[in-house]
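Novice: The structure is given below, and queries will be raised subsequently.
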Amino acid sequence: MEICKLFHYKKHIHTIFRPFIDLRIKELQYGLNTDAPNNLIISLTTYGNRLKEIKYTLFSLFSQSLKPDKIVLWLDDSFNNDKTHKLLKNFIQNGLEVRFTKDIGPYTKLIPALLNFPDSIIVTADDDIFYPQDWLKLLYQSYLEDKTAIHCHRAHKIVIKNNNILPYEQWEKQIKSQGKSGYNYFLTGVGGVLYPPKALDNEVFNEKAFLLLAPNADDIWYWAMAVLNGTKIKIVKNNISTLISTNILRQLNFYKEKTLYYFNRSGGNDEQFNKIIEYYPDIKHTLIKETPIQLIYNITSLHSFYKKNGHRAGIFNAAFNIMQELIKDTHFDITFYSDYKYFYFIKEVLNQILPESRLIDTRRWYEKLFGRILFEADKISPKLMYIILYTLRWAEHYFPFNNKLKTTLNNYDAYFTPFEGVEKEFIQSKIKNYQFIHDIIPLLDGKQLPAYHWAKAVFANINENIFYFTNSEYTKQDFLKVFQQIPQNNVKTAYLGVTKQSVNKVDIYTKYNLPKNKKYFLSLCSLGKRKNLEFAVKNFITFVEQYHIDDLVFVLAGGIWNNYKQTLNKLIKNSSEKIIITGYIEDTDLPALYSNALAFIYPSLYEGFGLPILEAMGYNCPVISSNRTSLPEICADAALLINPENDIELQDAYKTLYYNTGVRNIMIEKGYRRFKEFSWEKCANIIKEIILANKV
């Protein structure tokens, strides 16, 4: 039966070839960093027959690319004999220090080192692991980046639900580097741990306490003493999680030894952990207080991150910038989630912008297949991709409930989606759900949405148990009118933000075929019917013809939806020299485009927010805006507001900003003041306050 275990332990495929190492040990000439001031010390211990095998671990420690200043092997006084010295002769000759001390079980690995080298950096190692050559280097590099934390290669993540610490078996095991330190990262000594000087509370030396509370769980004791001391744990970047055992037979329990691993995994960890927490209640309080909320962030809206089309608009910016603010906040530990259809798109994005992030994958086999087909189809033709996408939207109501996803959600506290609707699996779980509503445009005419419409997914599961954020008070009131079952106190306005970038020295005139000898009015949006650009263009043509203006053009910037191209082209057919359609604008070119414009035109018939208006104001570009829906709320008195169906009002606004420099300067000043009132930090803070307030 034990042989069968081999097939369940992939890591043992890498077990070292011991006869080869025996030959190399005889010629050992590696030495230590003898010129250093003895500040970086590797400390380890062993017992019983393991002394005969520790040479393999020692060989790996002597072979490190970064040499330690000392390697100290602590042994029970009973090993102080000629046999021991002969067994370790080659290592002693190359700098190994063998020190004899009182046997305090697994604590012998670190406690004597802390007592004897209080001002040194101490790295612990296990006696039955063959450590890779860059093991110590990675630990030390991590320490140089943050000298206040304890650093380790392997750690579990303590999971807390409803202010209760879940059993050890429910913790997240062997997690990847998180980029930040925390109390909830439970270090495991087998991977090696670097302790800076004074990292542990002085209570660590309370022998009576640790032998009573955790006689077989030194890792738990050291973690507790770190928390008690206010020292956080950090996982090494590119941490080594797959370890090589020096004795596969022992690891698989062929020797029937009662190792610490086999004792602790059968309930011993929980028993000893709970004893320590009860004895030192401040540890639990600190852990709960400092443990970040396990937040799932729906990142589906960023699937067009590398595309240059109308999808990179307000919703995209909101999803990206709110995410940027949340990941900076230590109150949140974020795991990402994506609709199965865009899973491979999102995976590609995260690999580039957040390579160490986590992405939940609970897809069924057919969802993986459909997602891959969609991903590959997009490489062939976006049209083909959209045909498949619409087909999937139509068929989704036949998909069964995903129990695997619902079970996975038990490890998390909250779920935030910056646009997409809350799926039924989230609603039926115990997780707290938050959704951002940008507008309810698809529902305004009261018609039934087709099965393949994107809005179906956004609004299908509106629920009184979900907390909603809206981007304006106008959107909030519209939302509450349509969904009357939602309590008003379940909806909070969080105005979007705007980020000002430096103006690059790009020649936008050449790049986007703008006439260098002419001024321009600018409109920037996805060119669709709701944006009312026909109205803007028609009245612009009338204005320049009426006043015989030859030095002004109208620039339409942004991705054009295919179903709107024909209408727009027909409108400008006889005035093509006056209207310039640039198509998608690079993000880095936007500041220059705004800054050089004579005015920004935004006559939209319906807006949940109107982000481009604030962007224009931030680059000292005066604004003409519609006086409908949320736009007066966002603009205040910092724009010329016009009726988006009144030709004369728009033409008069054109005339004012073209001829009247004084008014333009006033609008620029007011606009910049208004721009500074909005930020992504303010937006995210409102979201964070609500989520934190609802933390159980």
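The values are calculated or read from the model by the stated rules, or taken from the named source; none is laboratory data. As the structure is a prediction and not an experimental result, all values here were calculated from the model. Methodologically, a virtual Cβ is constructed for each residue, glycine included, from the backbone with ideal geometry; neighbour enumeration extends over all protein chains shown. Remember, those area values only see protein heavy atoms, side chains included, never the ligands or the DNA or RNA. Shrake-Rupley method; radii C 1.70, N 1.55, O 1.52, S 1.80 Å.
Novice: Indicate the gyration tensor shape class of the range 650-696 (rounded, prolate or oblate), computed on the Cα atoms with a ≥ b ≥ c the square roots of the eigenvalues: a/c under 1.5 is rounded; otherwise a/b larger than b/c is prolate and the rest oblate. All intermediate terms of the calculation are to be shown ahead of the outcome.
Specialist: On the way: a/c = 8.29, a/b = 3.73, b/c = 2.22.
Note, shape of the range 650-696 comes out prolate.
Novice: To continue, here is another question. Pull out the extension gain between N643 and K430, defined as 0.36 nm times the separation in residues minus the alpha carbon to alpha carbon distance; nm, one decimal.
Specialist: Details: separation 213, 0.36 × 213 = 76.68 nm, distance 4.72 nm.
Here the answer is 72.0 nm.
Novice: If you don't mind, there's one more thing I want to ask. What order do E97, E145 take when sorted by accessible area (1.4 Å probe), most exposed first?
Specialist: Numbers: E97 45, E145 130 Å².
Result, largest first: E145, E97.
Novice: Quick one: Cα centre-to-centre distance for the range 183-245 and the range 481-535, in angstrom?
Specialist: Cα centroid to Cα centroid, the span is 52 Å.
Novice: Which residue, chosen from T300, L212, L44, occupies the Cα position most advanced towards the positive end of the dipole of the chain, where the dipole is computed from +1 (Lys, Arg) and -1 (Asp, Glu) charges on Cβ about the Cα centre?
Specialist: The listed residue farthest towards the positive side: T300.
Novice: Quick one: with all protein chains in place, what share of the accessible area of the chain is carbon or sulfur, to the nearest percent (1.4 Å probe)? Intermediate values should be presented prior to the final figure.
Specialist: Numbers: 16220 of 31860 Å².
Accessible surface attributable to carbon and sulfur in the chain totals 51 percent.
Novice: Please report, in debye to the nearest 20, how large the charge dipole of the chain is about its Cα centre when each Lys and Arg carries +1 at its beta carbon and each Asp and Glu carries -1 there.
Specialist: Working: 85 positive and 72 negative charges, 276 e Å.
My answer is approximately 1320 debye.
Novice: Just tell me which aspartates and glutamates come within less than 15 Å, Cα to Cα, of K481; anything on the same chain fewer than 8 places away is out.
Specialist: The reachable aspartates and glutamates, counting only those whose Cα sits under 15 Å from K481, are D439, D445, E464, E473.
Novice: In addition: Can you compute the charge dipole magnitude of the range 267-345 about its Cα centre, using +1 on each Lys and Arg Cβ and -1 on each Asp and Glu Cβ, nothing else charged? Give it in debye, rounded to the nearest 20. Don't skip to the answer; put the middle values down first.
Specialist: Numbers: 8 positive and 9 negative charges, 134 e Å.
Result for the range 267-345 is approximately 640 debye, rounded to the nearest 20.
Novice: Further question: Per residue, how much accessible area does the range 627-696 have with a 1.4 Å probe, in Å²? Intermediate results must be reported in sequence, preceding the final value.
Specialist: Values: 3480 Å² over 70 residues.
I get 50 Å² per residue for the range 627-696.
Novice: So what's the net charge close to I42: Lys and Arg +1, Asp and Glu -1, counting the other residues with Cβ under 11 Å from its Cβ? Before the final figure, lay out the partial values.
Specialist: Details: positive: K67, K70, K109; negative: D69, E97.
Around I42, the charge tally is +1.
Novice: Additional query: Would you work out if the range 287-383 is rounded, prolate or oblate? Take a ≥ b ≥ c from the square roots of the eigenvalues of the alpha-carbon gyration tensor; rounded if a/c is under 1.5, else prolate when a/b is larger than b/c, oblate otherwise.
Specialist: Values: a/c = 2.81, a/b = 1.56, b/c = 1.80.
Since a/c reaches 1.5 but b/c is at least a/b, the shape of the range 287-383 is classed as oblate.
Novice: With a cut-off of 8 Å between alpha carbons and a minimum separation of six or more residues, what is the relative contact order of the range 447-524 in percent? Before the final figure, lay out each step's value.
Specialist: Details: 42 pairs, mean separation 18.9, N = 78.
Relative contact order for the range 447-524 comes out at 24 percent.
Novice: Can you pull the one-decimal nm distance between simple spin-label points at T148 and K538, each 7 Å off the Cα toward Cβ?
Specialist: So the label points at T148 and K538 sit 6.2 nm apart.
Novice: Hey, another quick one. At a Förster radius of 60 Å, what calculated FRET efficiency corresponds to the Cβ-Cβ distance of K176 and Q546, to the nearest 0.05?
Specialist: Details: r = 65 Å, r/R0 = 1.08.
Here the calculated transfer efficiency is 0.40.
Novice: On a full-extension model of 0.36 nm per residue, what is the gain between E677 and N80, subtracting their alpha-carbon distance, rounded to one decimal in nm?
Specialist: Details: separation 597, 0.36 × 597 = 214.92 nm, distance 7.32 nm.
Between E677 and N80, full extension yields 207.6 nm more.
Novice: Determine ³J(HN,Hα), in whole Hz, for all residues of the range 490-495 in sequence, where each value follows from phi through the Karplus function 6.51 cos²θ - 1.76 cosθ + 1.60 and θ = phi - 60°; x replaces Gly and Pro.
Specialist: 9, 10, 9, 7, 10, 4
Novice: Let me ask something additional. Applying 1/(1 + (r/R0)^6) with R0 = 22 Å to the Cβ-Cβ distance of H285 and E689, what FRET efficiency is obtained, to the nearest 0.05?
Specialist: Working: r = 22 Å, r/R0 = 1.01.
It comes to 0.50.
Novice: Follow-up. What label, among [x] 37.0; [y] 30.6; [z] 33.5, belongs to mean projected area of the Cα convex hull in nm² computed from the structure on display?
Specialist: [x]
Novice: Structure shown: which of K180/K289; K55/K86; K328/K505 lie over 20 Å apart, alpha-carbon to alpha-carbon? Please list the in-between numbers first.
Specialist: Numbers: K180/K289 17 Å; K55/K86 12 Å; K328/K505 31 Å.
K328/K505, as the Cα separations exceed 20 Å there.
Novice: Let me make sure I get this right: for the range 300-355, a, b and c are the square roots of the gyration tensor eigenvalues over alpha carbons, sorted descending. Under 1.5 in a/c it's rounded, otherwise prolate if a/b > b/c, else oblate. Which is it? Kindly include the intermediate steps, with their values, before the conclusion.
Specialist: Details: a/c = 1.98, a/b = 1.35, b/c = 1.46.
Oblate shape, in that a/c is at least 1.5 and b/c is the bigger or equal ratio.
Novice: Report, in listed order, any pair from K173/K237; K531/K682; K430/K492; K237/K682; K404/K430 with a Cα-Cα distance greater than 24 Å.
Specialist: Table pairs above 24 Å Cα-Cα are K531/K682; K237/K682.
Novice: For the range 596-664 and the range 49-98, what is the centre-to-centre distance using only Cα atoms, to the nearest Å?
Specialist: Spelled out, the Cα-based centre of one part sits 77 Å from the other.
Novice: How high is the relative contact order of the chain? Use alpha-carbon pairs under 8 Å, at least six apart in sequence, and give a whole percent. Intermediate results must be reported in sequence, preceding the final value.
Specialist: Working: 1190 pairs, mean separation 63.5, N = 696.
So the answer I get is 9 percent.
Novice: Enumerate the amide H contacts of F332 below 5 Å, restricted to partners 5 or more residues apart or on another chain; note that Pro and chain-start residues carry no placed amide H.
Specialist: I293
Novice: Rounded to the nearest 20 debye, what is the charge dipole size of the range 431-512 about its Cα centre when +1 sits on each Lys and Arg Cβ and -1 on each Asp and Glu Cβ?
Specialist: Details: 9 positive and 6 negative charges, 48 e Å.
Rounded to the nearest 20 debye, it is 240 debye.
Novice: Tell me, what HN-Hα J-couplings in whole Hz come from the Karplus equation 6.51 cos²θ - 1.76 cosθ + 1.60 at θ = phi - 60° for each residue of the range 652-657, using x for Gly and Pro?
Specialist: Those phi angles translate into 5, 5, 4, 4, 4, 7 Hz.
Novice: Heavy atoms only, 1.4 Å probe, whole protein assembly: order I624, I686 by accessible area, highest first.
Specialist: Details: I624 0, I686 45 Å².
Ranked list, largest accessible area first: I686, I624.
Novice: Please list, ordered by chain and number, the residues whose modelled amide H lies under 5 Å from the amide H of K161; skip anything fewer than 5 residues away on the same chain.
Specialist: Correct list: L166.
Novice: Determine the per residue accessible area of the range 56-156 with all protein chains present and a 1.4 angstrom probe, expressed in square angstrom. Show your work: numbers first, answer last.
Specialist: Working: 3920 Å² over 101 residues.
With all protein chains present, the range 56-156 gives 39 Å² per residue.
Novice: Which residue, N94, L73, T57, has the largest displacement toward the positive end of the dipole of the range 52-107 when charges sit on each Cβ (Lys, Arg +1; Asp, Glu -1)?
Specialist: N94
Novice: Still on this structure: Please compute the net charge surrounding K476, taking Lys and Arg as +1 and Asp and Glu as -1 over other residues with Cβ under 15 Å from its Cβ. Walk me through the numbers on the way to the answer.
Specialist: On the way: positive: K481, K492; negative: D439, E473, D478, E607, E633.
Around K476, the surrounding residues sum to -3.
Novice: Under a 1.4 Å probe, what is the accessible area of the range 307-437 per residue, stated in Å²?
Specialist: Values: 6060 Å² over 131 residues.
Using a 1.4 Å probe on heavy atoms only, each residue of the range 307-437 averages 46 Å².
Novice: Taking just the C-alpha trace of the range 424-463, give me its Rg and Dmax in Å.
Specialist: Reported Rg and Dmax, both Å: 11.8, 35.
Novice: Another question about this same structure. Give a residue-ordered list of calculated ³J(HN,Hα) values for the range 197-208 (Karplus: 6.51 cos²θ - 1.76 cosθ + 1.60, θ = phi - 60°; whole Hz; x for Gly, Pro).
Specialist: Going residue by residue, I get x, 6, 7, 10, 4, 4, 5, 4, 8, 6, 4, 4 Hz, with x marking Gly and Pro.
Novice: For A599, enumerate residues with amide H under 5 Å from its amide H, sequence gap 5+ or separate chain, H modeled in the peptide plane.
Specialist: L522
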